[in-house]
1. Hey, does the stretch 351-368 have a residue that's crowded, with 18+ Cβ neighbours inside 10 Å, of a type outside the set (V, I, T), within 15 Å of ligand 2 (Cβ to nearest atom) and at pLDDT 90 or above?
2. Restricting attention to the stretch 389-411, which residues are open to solvent by 40 Å² or more (accessible area, probe 1.4 Å), under 25 Å from the mean Cα position of the chain (by Cα) and among the polar types (S, T, N, Q)?
3. Between Q370, Q376, Q388, which is in the same structural domain as I208 (by TED's automatic domain parsing) and touching a Pro at 6+ places or on another chain (Cβ under 9 Å)?
4. Just checking, which of M92, M69 is more than 10 Å from ligand 1 (Cβ to nearest atom) and under 21 Å from the mean Cα position of the chain (by Cα)?
5. In the stretch 294-318, which residues are within 16 Å of ligand 2 (Cβ to nearest atom) and either touching a Cys at 6+ places or on another chain (Cβ under 8 Å) or closer than 20 Å to D229 by Cβ (or both)?
6. Out of all the residues in the stretch 46-67, which are touching a helix residue (DSSP H, G or I) at 6+ places or on another chain (Cβ under 9 Å), in contact (Cβ under 8 Å) with a residue 40 or more places away in the chain and open to solvent by 10 Å² or more (accessible area, probe 1.4 Å)?
7. Does the stretch 75-104 hold any residues that are more than 16 Å from T122 (Cα to Cα) and loosely packed, with under 11 Cβ neighbours inside 10 Å, and which are they?
8. Under the condition of being more than 17 Å from A173 (Cβ to Cβ) and of a type in the set (D, E, K, R), which residue from the stretch 284-306 is nearest to the chain's Cα centre (by Cα)?
Amino acid sequence: MNQPLDVLKTIFGYDSFRGQQQAAIEHVIAGQDALVLMPTGGGKSLCYQIPALVRDGVGIVISPLIALMQDQVDALLQLGVKAAFLNSTLTMEQARGIEQQLLNNELDLLYIAPERLSAPRTLELFGRIKIALFAIDEAHCVSQWGHDFRADYLQLSILHERFPTIPRIALTATADERTRQEIIVRLKLEHAPLYLSGFDRPNIRYAIVQKQNARQQLLEFMRSQHEGDAGIVYCLSRKKVEETAQWLRTQGINALPYHAGMTNQDRQQHQQQFLRQESIVIVATIAFGMGIDKPNVRFVAHLDIPKSVEAYYQETGRAGRDGLPANAWMAYGLQDVVTMRRMLAGSDADEAHKRLELHKLDAMLALCEQVHCRRQTLLGYFGDHLEQPCGNCDTCLEPVQTWDGTIAAQQALSCIYRTGSRYGVHYLIDVLLGKQNERIISANHHQQSTFGIGKIGGAGFSRY
Ligand code: ADP
Ligand code: ZN
């Protein structure tokens, strides 16, 4: 019973470990620190749950996902694992009860909110009980560059200082190098081996289409491929979330909104409904998703471009966690990018941060405009290499027609230069296409050598 594989089989009901799970588990059981990087749905939870069961004492799981702790604990209780949580939703009395269970050594796993750790009472309690390990879930929350930064996570280095002999395992699905380095430094995991899973999710089919009538395109996509399925639709703004959910309902689709502007109670309720029902679509801002473990989400759709490839990958990663075919579908328009750039420019972040965000947005745009295999580009972004085109993305299934745009680009640049580098894209297109409108004539641009050259050979400037 004390072997990891036995625990996997008897308690969790699975036959074999996936990827790096076993290596990470054995390392932590041996009392060593570890850093686990696996995509969403990769199976991170078992990496700390099994060592917590095999080792003496209780496994303490630090997680920012307070709203999900109840569900996580319920699921474990059903498997016969003695689990509990401590967070602000408990009454004082309930919290005292859990503390007593800890003192009696009656728990296998305890989920705890990070802010609890700063309370002297908690640390004092930890000093009096037998602890199997500390698991730091969603470890990227310690990174100030990341989008989920939580100040409370900065204090987690205290675990190492106060309890140097207890193994710590940090877990995240955020893979970029910078975040990874920040996790290592801030949590003092320099000596900890990294357990990195391949980031490919072969069952997810990626497709990115140009926006024409996005709602209608979404509906067609859902009707043709996902009748009666569970799915998530991401939008940028709360208003758009509300409107889209409402519109989908008028189309006979069981859709619910979710965003940070709703009351806590409504949000909770919609999340629960989504977790429990089969044929349901949640329309949400990015506020929805971290830690959502619904294995049979059949599609994730984006009506707006995410702000980075990391965000896109995390959000789409919520599809198909059961390993069955799933779709990641997105409609994007250049207008989205303009809006995002404007939002970025207007934010009060410092310049270095803005530059970084802009760079991330450009990488996301490059993925949208990609004419080769999307999966190769996506994995390449995370430092993963895929030898051959995947055969399961839109560009593989329907190769994009390409043309040599060198001359057209030269002509366009020349037109920009000759009109004094001061005009917007629509005006420039009109000049290139030789439109005789009043503005062009009064600026004398119909006399320019670039006037109308875009027509020759139909180079295709009118695309944007
Ligand atoms: P993550 O936290 O990395 O997003 P989870 O730990 O929630 O992923 O696991 C995702 C899903 O995969 C869960 O339904 C889990 O039960 C399942 N799973 C994890 N490990 C295995 C395994 N070795 N064999 C089969 N299923 C597994
Ligand atoms: Zn492909």
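The values are calculated or read from the model by the stated rules, or taken from the named source; none is laboratory data. Remember, it's a predicted structure, so these values are computed and weren't measured experimentally. A quick note on method: Cβ atoms are made from the backbone with ideal geometry, for glycine too, and the neighbour counts reach across all protein chains shown. Just the protein is used for accessible areas: all its heavy atoms, side chains included, with ligands, DNA and RNA removed. Shrake-Rupley method; radii C 1.70, N 1.55, O 1.52, S 1.80 Å.
1. The answer is yes; a qualifying residue exists.
2. Residues satisfying the conditions do not exist here.
3. Q376
4. Criteria check complete, one pass: M69.
5. T316
6. If the condition is that a residue be touching a helix residue (DSSP H, G or I) at 6+ places or on another chain (Cβ under 9 Å), in contact (Cβ under 8 Å) with a residue 40 or more places away in the chain and open to solvent by 10 Å² or more (accessible area, probe 1.4 Å), then Q49, L53, V54, R55, P64, L65, A67 are the ones that fit.
7. Q78, G80
8. Within the stretch 284-306, the match that is nearest to the chain's Cα centre (by Cα) is D304.
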